Amino acid sequence: TWSAVPAGPPDPILGITEAFKADTDSRKINLGVGAYRDENGKPYVLNAVKKAEEIITAAKLDKEYLPITGLAGFTKNAAKLAYGADSPPLNQNAIAVTQSISGTGALRIGGAFLARHYPNPKIIYLPTPTWGNHIPLFKDSGLEVRNYRYFDRKTVGLDFDGLKEDLKNAPEGAIVLLHACAHNPTGVDPTQAQWAEISDLVAEKRLFPFFDMAYQGFASGDTARDAYAVRHFVSQGHQVALCQSFAKNMGLYGERVGAFSLTTKDEEERKRVDSQLKIIVRPMYSNPPLHGAHIANTILSNTELYQEWEGEVKGMANRIISMRERLYELLTNGYQTPGEWGHIKSQIGMFSFTGLKTEQCKALAEKAHIYMTMDGRISMAGLNGSNVEYFAQGVDAAVRG
Ligand code: PMP
């Protein structure tokens with residue numbers, strides 16, 4: 001039956017983990033996967049999460065199904081975290097929100113909703129480059145995928161003119177995907193002034209802003225500050241779509257906790273949209289998992305745990321920032337590696353686009369047991385006090401050829 005099924009290529013990111021696991025050298029470093037590691041290079045379960053789990057266990061909750069759109073307390077608190085407690089659509093009961101299988105599931109529900117109900121051209125513009133999974137995800141959702149310029153390899157920064165020109169040339173009413181903060185893979189975000197310009201342009205062209213916020217808190221260490229773009233767009237009267245993930249900021253990767261929301265005109269419209277979200281979710285997976293949503297909701301609804309969590313998010317963001325500074329120092333003043341390395345410090349969030357070329361990335365894997373994606377992206381969270389020097393030395397050798 002399956003004789004005509006061709007073998008597909010391995011996933012470019014998960015393939016790196018395989019190569020890393022197979023490497024027996026003790027100095028090996030995995031900078032491929034976007035998961036936080038502590039100062040000892042180990043996965044990190046947040047204290048706020050451990051405490052929330054204790055509370056949940058003590059409460060002896062049952063294991064009944066959740067409603068189709070998930071745990072109501074969780075979705076309410078997730079929306080509050082993103083839009084802000086004083087958000088007008090939130091307080092007017094005009095945000096339709098459903099729990100999702102983490103950020104990926106949120107994107108997929110959003111893609112399906114737009115493919116079915118969006119009244120304008122079902123074309124979505126993605127930044128170049130973007131998170132690799134965005135492209136097949138929106139294609140599989142039935143949207144036409146196009147690109148807008150985002151990253152300038154020459155300046156290793158934002159190609160703001162290219163971005164504006166491409167959005168200006170997009171058909172009226174097209175959908176535009178925006179990384180709310182900590183753009184993956186580049187680590188380059190628009191400034192607040194640039195976000196304001198993008199918002200005006202989106203209004204002018206009547207584009208539909210679709211935010212992917214997988215790293216709230218990870219960019220600046222401050223969840224409100226990282227929500228600036230979303231809140232600014234809403235304050236300017238845009239209706240937005242928003243995908244949230246609690247994988248990174250709560251370290252709940254494998255628990256798959258996320259939310260998808262749409263701001264609507266009023267409560268009556270919100271109810272209609274809600275009903276259609278249910279119709280999309282029900283035949284996909286019926287209803288979402290319970291445990292992770294309870295953890296996130298316990299943290300978001302308990303003042304003490306919330307404060308502890310915010311401190312831990314800051315701690316993770318700050319450790320990454322300190323690694324950026326250390327790596328920059330080592331490359332510029334330490335090894336005096338040829339090239340300009342200021343972007344290592346100025347980039348934001350979990351990733352850095354180093355500017356290393358494919359051959360240099362290959363050489364790092366083969367000669368130094370250092371693994372990263374072939375586009376030169378590194379997960380800063382994989383660096384720590386014990387390996388950053390070895391990494392800098394490897395980069396220096398690769399750059400000098
Ligand atoms: N969007 C972006 C930009 C991401 O980087 C990621 C995670 N790598 C996701 C969405 C989704 O992640 P998850 O499904 O684990 O929440």
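Tabulated results
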read-out	value
Filtered residue count, the stretch 90-121, keeping only those that are out of contact with any Asp or Glu (no Cβ under 9 Å at 6 or more places or on another chain) and away from the ligand (no atom under 16 Å from the Cβ)	10
Those residues of the stretch 141-174 which are of a type in the set (Val, Ile, Thr) and either away from the ligand (no atom under 16 Å from the Cβ) or free of Cβ contacts under 8 Å to residues at least 12 places away in the same chain (or both), in sequence order	Thr155, Val156
Residues of the stretch 243-268 classified as outside any loop (DSSP other than H, G, I, E, B) and farther than 11 Å from Pro89 by Cβ, total	11
Residue list for the stretch 232-242, restricted to those being in a helix (DSSP H, G or I) and either crowded, with 23+ Cβ neighbours inside 10 Å or within 16 Å of the ligand (Cβ to nearest atom) (or both)	Phe233, Val234
Asn287 in contact (Cβ under 8 Å) with a residue 24 or more places away in the chain, of a type outside the set (A, V, I, L, M, F, W, C), under 25 Å from Ala52 (Cβ atoms) and part of a loop (DSSP other than H, G, I, E, B)	yes
Tally of residues being assigned to a loop (DSSP other than H, G, I, E, B) and over 30 Å from Arg225 (Cα atoms) across the stretch 345-367	2
Output for the stretch 61-104, where each listed residue is over 20 Å from the mean Cα position of the chain (by Cα), more than 18 Å from Thr298 (Cα to Cα), in a helix (DSSP H, G or I) and touching a residue at least 40 places away in the same chain (Cβ under 8 Å)	Pro88, Pro89
Residues within the stretch 253-270 that are over 25 Å from the mean Cα position of the chain (by Cα) and in contact (Cβ under 8 Å) with a residue 60 or more places away in the chain, tallied	5
Selection count where residues are in a loop (DSSP other than H, G, I, E, B), touching a residue at least 60 places away in the same chain (Cβ under 8 Å) and crowded, with 17+ Cβ neighbours inside 10 Å, scope the stretch 105-140	3
Looking only at the stretch 22-49, and only at residues there that are within 23 Å of the chain's Cα centre (by Cα) and of a type in the set (Lys, Arg), the one that is farthest from Cys361 (Cα to Cα)	Lys42
Any chance Asp38 is of a type outside the set (Ser, Thr, Tyr), at pLDDT below 90 and out of contact with any His (no Cβ under 9 Å at 6 or more places or on another chain)	no
So Asn47, is it over 27 Å from Lys265 (Cα atoms), surrounded by fewer than 22 Cβ atoms within 10 Å (Cβ to Cβ) and in contact with a Gly (Cβ under 7 Å, 6 or more places away or on another chain)	no
Tally, over the stretch 215-227, of residues that are crowded, with 21+ Cβ neighbours inside 10 Å and either in contact with a Phe, Trp or Tyr (Cβ under 8 Å, 6 or more places away or on another chain) or over 23 Å from Ile344 (Cα atoms) (or both)	2
Pairs, first modelled with pLDDT under 95 in the stretch 219-243, second part of a loop (DSSP other than H, G, I, E, B), C-beta under 7 Å, six or more apart	Ala219/Cys181; Ala219/Ala182; Ala219/Asp189; Ala219/Ile348; Ala219/Gly349
Subset tally (residues that are part of a helix (DSSP H, G or I) and surrounded by fewer than 18 Cβ atoms within 10 Å (Cβ to Cβ)) for the stretch 368-401	6
Search result, residues across the stretch 194-214 that are among the acidic types (Asp, Glu) and crowded, with 21+ Cβ neighbours inside 10 Å	Asp212
Residue within the stretch 291-314 that is farther than 21 Å from Asp25 by Cβ, outside any helix (DSSP H, G or I) and of a type in the set (Ser, Thr, Tyr) present	no
Test: residue in the stretch 43-60 that is in contact (Cβ under 8 Å) with a residue 24 or more places away in the chain, part of a helix (DSSP H, G or I), hydrophobic (A, V, I, L, M, F, W, C) and in contact with an Asp or Glu (Cβ under 8 Å, 6 or more places away or on another chain)	yes
Search result, residues across the stretch 255-293 that are under 21 Å from Asp62 (Cα atoms), small (Gly, Ala, Ser) and either surrounded by 15 or more Cβ atoms within 10 Å (Cβ to Cβ) or within 13 Å of the ligand (Cβ to nearest atom) (or both)	Gly292, Ala293
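The values are calculated or read from the model by the stated rules, or taken from the named source; none is laboratory data. Quantities reported herein were computed from a predicted structural model and do not represent experimental measurements. Cβ coordinates were reconstructed from backbone atoms using ideal geometry, including for glycine residues, and neighbour counts include every protein chain displayed.
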